[in-house]
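The values are calculated or read from the model by the stated rules, or taken from the named source; none is laboratory data. For clarity, every value in this text was computed on a predicted model and none was experimentally measured. Cβ coordinates were reconstructed from backbone atoms using ideal geometry, including for glycine residues, and neighbour counts include every protein chain displayed. The area values use the complete protein model at the heavy-atom level, side chains included, leaving out ligands, DNA and RNA. Shrake-Rupley method; radii C 1.70, N 1.55, O 1.52, S 1.80 Å.
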Amino acid sequence: MSVSTLSIFGREFGAEVTKSRRMPEFAIPTLVLPVVFYGLFGILLAKNATAAPYLLATFGVFAALGPSLFGFGIGIATEREEGTLALKSVSPMPVLVYPLAKLAMTVLFVAIVLAMIYALGVIAGGVSFTPAQWAGLLTVHLVSVLPFSLMGLFLGYTVKAQGAIAFANILFFPLAVLGGLWMPIFIFPTFMQVIAQALPSFHLAQLALMAGGIIPAEGMWIHVAAAAAWTVVLAILVAWAVRRQAD
């Protein structure tokens, strides 16, 4: 990026922060829901000492899901419907600045949620990881923003605002539940476990569990390849959707 482009990006990112601050009805549930769910399932209702670290790993992936699908997808769909995207397309702003600013805003939101979940796990759940394991968990959790944001971006560029809300909800619950983000998938029937293995959330959750040393790292590269494949496919779909919007 040139200096001028960085300056434009900074202003666009600042606008996104201001916009989110003025919409607490979106920001507060996005920040609070994963923390409350983790406190409920990982600590208050936990049946053994392994629940808190296990669910910290999977709820970290869940923390990336909501802001990416709802903030990214519905936000872009709304602004596209209002004509904001059309206005930006005729401005001198570089085309990638808009989605990158939204992505940076999503990463910021996710980082705040992760900090709260990590703190709750350590203070109330007695969670303890080595520095390397914490670093691995944080990496997987933040990287999870990318495929989920691409999914949201595709929705934002292809369907109207109301449709984006419906589709985001349709995607949200299967990705969270069948992906094993709320509870281990081994408690599900066999056919549901098979479906889970086709979802990016499942592979990201497995990588988080491996990063935390909670499950063996056997087959790690299969999960890496699956998550990467999802990311590449979604990036191709987004590129097509953006070109379609430009036409």
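Between Gly66, Gly75, Gly42, the distinction of being open to solvent by less than 50 Å² (accessible area, probe 1.4 Å), of a type in the set (Gly, Ala, Ser), part of a helix (DSSP H, G or I) and farther than 30 Å from Phe9 by Cβ belongs to Gly42 only. Could you tell me which residue of the stretch 110-136 is modelled with the highest pLDDT, considering only residues that are within 19 Å of Leu175 (Cβ to Cβ) and buried (at least 24 other Cβ atoms within 10 Å of the Cβ)? Step by step, filter the stretch 110-136, then rank; the result is Ile117.
Thr30 satisfies every condition listed in (1) at pLDDT 75 or above; (2) among the β-branched types (Val, Ile, Thr); (3) surrounded by 15 or more Cβ atoms within 10 Å (Cβ to Cβ) except (1).
Residue pairs whose Cβ atoms lie under 9 Å apart, separated by 6 or more positions or on different chains, with the first residue in the stretch 144-172 and outside any helix (DSSP H, G or I) and the second among the hydroxyl-bearing types (Ser, Thr, Tyr) and open to solvent by less than 40 Å² (accessible area, probe 1.4 Å), are Ser144/Ser68; Ser144/Ser201. Filtered by the rule that a residue be under 22 Å from Ala198 (Cβ atoms), open to solvent by less than 30 Å² (accessible area, probe 1.4 Å) and at pLDDT below 90, the stretch 160-174 gives a lone residue, Ala168. The residues on offer are Gly126, Gly60, and the sole one that is in contact (Cβ under 8 Å) with a residue 40 or more places away in the chain and closer than 30 Å to Arg11 by Cα is Gly60. The selection criterion, being open to solvent by 30 Å² or more (accessible area, probe 1.4 Å) and either modelled with pLDDT under 80 or over 23 Å from Val140 (Cα atoms) (or both), does not hold for Ser20. Selection within the stretch 90-109: residues that are farther than 19 Å from Ala164 by Cβ and of a type outside the set (A, V, I, L, M, F, W, C). The member of this set that is modelled with the lowest pLDDT is Pro92. Only residues that are under 24 Å from Gly156 (Cβ atoms), within 18 Å of the chain's Cα centre (by Cα) and touching a residue at least 60 places away in the same chain (Cβ under 8 Å) were counted across the stretch 208-247, and they come to 7. What pairs come up if the first residue lies in the stretch 99-119 and is closer than 13 Å to Leu142 by Cα, the second is in a helix (DSSP H, G or I) and among the aromatic types (Phe, Trp, Tyr), and their beta carbons are under 9 Å apart, counting only those six or more places apart or on different chains? Matching pairs, first to second residue: Leu103/Phe72; Ala104/Phe9; Ala104/Phe13; Met105/Phe13; Met105/Phe72; Thr106/Phe72; Thr106/Phe148; Leu108/Phe13.
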